[in-house]
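Engineer: Encoded as structure tokens, here's the structure I'll be asking about.
The values are calculated or read from the model by the stated rules, or taken from the named source; none is laboratory data. This structure is a prediction, so every number in the text was calculated from the model and none was measured. Please note: Cβ atoms are built from the backbone with ideal geometry, for glycine as well, and neighbour counts cover all protein chains shown. In case anyone asks, the SASA skips ligands and DNA or RNA and just uses the protein heavy atoms, side chains included. Shrake-Rupley method; radii C 1.70, N 1.55, O 1.52, S 1.80 Å.
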Amino acid sequence: MEKERIKQQVLEAFHFRHATKLYDDTKKITDEDFQYILEAGRLSPSSLGSEPWKFLVVQDPSMRDKMMPYCPGAVEKLRTASHFVILLAHKGVRYDSDYLIGQMKDIQQMPDEVIETVTGHYKNFQELNQILDNERTLVDWSMKQTYIALGNMMTAAALIGIDSTPMEGFNAVALGQLLANEGLLGNDEFTPSVLVAFGYRKEDPARPKARRLLNDVVEWI
Ligand SMILES: Cc1cc2nc3c(=O)[nH]c(=O)nc-3n(C[C@H](O)[C@H](O)[C@H](O)COP(=O)(O)O)c2cc1C
């Protein structure tokens with residue numbers, strides 16, 4: 001049955017996917033396949049439809065070299081992965097920010113009177129959840145959204161046999177400074193959130209997948 005086959009394929013992809021430590025640097029992802037991975041990121045859901053992200057694809061070897069000192073958890077991947085992405089989080093996505101209003105107007109095509117109403121709801125939501133407390137809480141909220149795109153990109157990749165590694169092993173301040181100096185953070189609109197490498201594994205994982213049991217992570221009430 002079609003549904004059973006799809007379920008099996010998806011679960012096989014999750015078993016296949018592991019945090020690849022070393023990539024085969026002779027194998028490159030095709031443009032078409034990488035476009036599909038980016039599309040999975042673009043189509044990801046986000047709170048309020050804010051899409052508070054940008055995917056910076058770092059293919060320039062000299063830029064990868066410059067990143068290495070600030071990304072200790074990513075050095076081997078920067079050296080060997082076919083494609084390397086920095087997921088940037090949008091700063092300051094307040095209910096009344098130009099960015100979020102633009103998102104409602106231009107992307108979601110909301111009429112002005114609807115924007116006025118929902119902005120009030122968004123204000124309440126962001127206040128209630130302490131998202132407006134300070135710059136940090138605001139950017140943390142944007143960063144959460146980038147992890148949804150991250151997960152979808154990695155799953156999309158695994159489904160077509162492409163390996164990936166999510167990475168937080170970097171110095172966010174220093175990497176942010178480097179990217180700012182290179183003019184890659186817009187007008188101070190973005191900050192690095194999480195890194196992800198894509199490519200083909202050099203070797204199979206050293207250990208079998210280790211996960212807690214379903215019964216230990218799920219509680220039905
Ligand atoms: C948000 C996040 C950050 C991570 N940071 C790093 C990292 O900086 N370097 C690295 O080699 N692995 C990193 N990992 C990989 C995890 O260690 C790995 O996913 C976990 O041990 C489970 O193993 P598996 O993905 O192979 O199943 C990270 C994973 C996640 C989800």
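Engineer: Among the aromatic types (Phe, Trp, Tyr), within 13 Å of the ligand (Cβ to nearest atom) and more than 18 Å from the chain's Cα centre (by Cα): does that describe TYR95? Explain how you work it out, then say what you get.
Structural biologist: On the way: among the aromatic types (Phe, Trp, Tyr): yes; within 13 Å of the ligand (Cβ to nearest atom): no; more than 18 Å from the chain's Cα centre (by Cα): yes.
Spelling it out, it is not the case that TYR95 is among the aromatic types (Phe, Trp, Tyr), within 13 Å of the ligand (Cβ to nearest atom) and more than 18 Å from the chain's Cα centre (by Cα).
Engineer: Restricting to the stretch 170-204, count the residues that are under 30 Å from PHE16 (Cα atoms) and surrounded by 14 or more Cβ atoms within 10 Å (Cβ to Cβ). Break it down stepwise before answering.
Structural biologist: The initial filter retains those residues of the stretch 170-204 that are under 30 Å from PHE16 (Cα atoms), namely 170-172, 192-204.
Next, from what is left, pick out any that are surrounded by 14 or more Cβ atoms within 10 Å (Cβ to Cβ): 170-172, 192-202.
Looking only at that region, the number is 14.
Engineer: Exactly one condition in (1) away from the ligand (no atom under 16 Å from the Cβ); (2) surrounded by 14 or more Cβ atoms within 10 Å (Cβ to Cβ); (3) on the phi < 0 side of the Ramachandran plot; (4) of a type in the set (Asp, Glu) is not met by GLU51; state its number.
Structural biologist: (3)
Engineer: Identify the single condition in (1) in a loop (DSSP other than H, G, I, E, B); (2) away from the ligand (no atom under 16 Å from the Cβ); (3) in contact (Cβ under 8 Å) with a residue 40 or more places away in the chain that TYR36 does not satisfy, given that it satisfies every other one.
Structural biologist: Unmet for TYR36, out of (1) in a loop (DSSP other than H, G, I, E, B); (2) away from the ligand (no atom under 16 Å from the Cβ); (3) in contact (Cβ under 8 Å) with a residue 40 or more places away in the chain: (1).
Engineer: Under 7 Å by Cβ, and 6 or more places apart or on different chains, what pairs join a residue from the stretch 118-134 that is open to solvent by 60 Å² or more (accessible area, probe 1.4 Å) with one that is β-branched (Val, Ile, Thr) and assigned to a helix (DSSP H, G or I)?
Structural biologist: Going by the 7 Å Cβ cut-off, the qualifying pairs are GLN130/THR137.
Engineer: Which of the residues belonging to the stretch 56-68 are within 16 Å of the ligand (Cβ to nearest atom) and buried (at least 16 other Cβ atoms within 10 Å of the Cβ)? Step through it out loud before you land on a result.
Structural biologist: Of all residues in the stretch 56-68, those within 16 Å of the ligand (Cβ to nearest atom) come to 58, 64, 67-68.
If the condition is that a residue be within 16 Å of the ligand (Cβ to nearest atom) and buried (at least 16 other Cβ atoms within 10 Å of the Cβ), then VAL58, ARG64, MET67 are the ones that fit.
Engineer: I'm checking my understanding of the structure. Among residues of the stretch 187-198 that are under 15 Å from VAL139 (Cα atoms) and either assigned to a strand (DSSP E or B) or modelled with pLDDT under 95 (or both), which one is farthest from the ligand (Cβ to nearest atom)? Outline the logic, then answer.
Structural biologist: Within the stretch 187-198, the first condition is being under 15 Å from VAL139 (Cα atoms), and the residues that meet it are 188-194.
Now narrow it down to the ones that are either assigned to a strand (DSSP E or B) or modelled with pLDDT under 95 (or both): 190-194.
On the way: PHE190: 18, THR191: 16, PRO192: 12, SER193: 10, VAL194: 6 Å.
Of everything passing the filter in the stretch 187-198, PHE190 is farthest from the ligand (Cβ to nearest atom).
Engineer: From the list ARG201, ARG207, ARG212, which one is touching a residue at least 60 places away in the same chain (Cβ under 8 Å) and within 16 Å of the ligand (Cβ to nearest atom)?
Structural biologist: On the way: ARG207 fails: touching a residue at least 60 places away in the same chain (Cβ under 8 Å); ARG212 fails: touching a residue at least 60 places away in the same chain (Cβ under 8 Å).
None of the others qualify; the one that does is ARG201.
Engineer: When the stretch 69-106 is examined, which residues are found to be within 16 Å of SER193 (Cα to Cα) and open to solvent by 10 Å² or more (accessible area, probe 1.4 Å)?
Structural biologist: Of the stretch 69-106, the ones within 16 Å of SER193 (Cα to Cα) are 70-74, 84-93.
If the condition is that a residue be within 16 Å of SER193 (Cα to Cα) and open to solvent by 10 Å² or more (accessible area, probe 1.4 Å), then TYR70, PRO72, GLY73, HIS90, LYS91, GLY92 are the ones that fit.
Engineer: Does the stretch 1-33 hold any residues that are more than 13 Å from ASP163 (Cα to Cα) and assigned to a loop (DSSP other than H, G, I, E, B), and which are they?
Structural biologist: The answer is MET1, THR26, THR30.
Engineer: A further question follows. Checking MET1 against (1) surrounded by 13 or more Cβ atoms within 10 Å (Cβ to Cβ); (2) away from the ligand (no atom under 16 Å from the Cβ), which test does it fail?
Structural biologist: (1)
Engineer: Moving on. Taking the residues in the stretch 73-82 that are within 19 Å of the chain's Cα centre (by Cα) and within 16 Å of the ligand (Cβ to nearest atom) as candidates, determine which candidate is farthest from LEU22 (Cα to Cα).
Structural biologist: Filtering the stretch 73-82 down to residues within 19 Å of the chain's Cα centre (by Cα) leaves 73-75, 77-78, 81-82.
Those still in the list that are within 16 Å of the ligand (Cβ to nearest atom) too: 73-75, 77-78, 81.
Numbers: GLY73: 12, ALA74: 10, VAL75: 10, LYS77: 6, LEU78: 10, ALA81: 8 Å.
Selected residue: GLY73.
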